[in-house]
Amino acid sequence: MPKKVMVRTAVVGVTANDRRLLTAATAATADPSASSDGVELNRNEFVHLFFSLSGTPTGKSLSALLQIWFYSDVSGKWHKAPTTLQVADTKVETLMVQGLTRLYLQVVTVSGAPILDAWVGLVVPV
């Protein structure tokens, strides 16, 4: 990774609320189906995923299990990432996405009635 980078949004919007990839997700979501689902990665090598998990626990701790999907122009299909991502608080994850076209976050399961927001930051060398 270059020594100096900047992070810019992958979702266009004026405010942080406008730029969310997942907005107040509270339940499982569908698999990606169209090649236009998710967000374009713009040939970036790395992305940061930013998460915010809130809500009122319903006897269980708040958490969400996410499946990351990538679209490749080579196959013309969506492919599951080999691992899932557990979100239990406000966190940042960095993914290497070199050569992949699009990213899709699928909520697989939720626990404790969470409200999940997610943003994608493209890591750009400067």
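Which one of the conditions (1) modelled with pLDDT of 95 or more; (2) of a type in the set (A, V, I, L, M, F, W, C); (3) over 23 Å from ARG8 (Cα atoms); (4) out of contact with any Pro (no Cβ under 6 Å at 6 or more places or on another chain) does ILE68 fail to meet, given that it meets all the rest?
Status for ILE68: all satisfied but (3).
Hey, could you check the range 43-60 for residues that are closer than 17 Å to ASP117 by Cα and hydroxyl-bearing (Ser, Thr, Tyr) and say which is surrounded by the most Cβ atoms within 10 Å (Cβ to Cβ)?
Out of the qualifying residues, it is SER52.
What are the residues in the range 13-32 that are without any contact (Cβ under 8 Å) to a residue 24 or more places away in the chain and of a type in the set (Ser, Thr, Tyr), if any?
Across the range 13-32, the qualifying residue is only THR15.
Kindly provide the set of residues from the range 106-126 that are small (Gly, Ala, Ser) and either under 13 Å from the mean Cα position of the chain (by Cα) or at positive phi (or both), ordered by number.
Listed by number, the residues that qualify are GLY112, ALA113, ALA118, GLY121.
Tally up the residues in the range 6-42 that are aliphatic (A, V, I, L, M), more than 15 Å from ALA118 (Cα to Cα) and part of a loop (DSSP other than H, G, I, E, B), please.
So the count comes out to 4.
The values are calculated or read from the model by the stated rules, or taken from the named source; none is laboratory data. Every value quoted in this text rests on a predicted model; they were computed, and no experiment measured them. Using ideal geometry, Cβ is built from the backbone for each residue, glycine included, and neighbour counts are taken over all protein chains shown.
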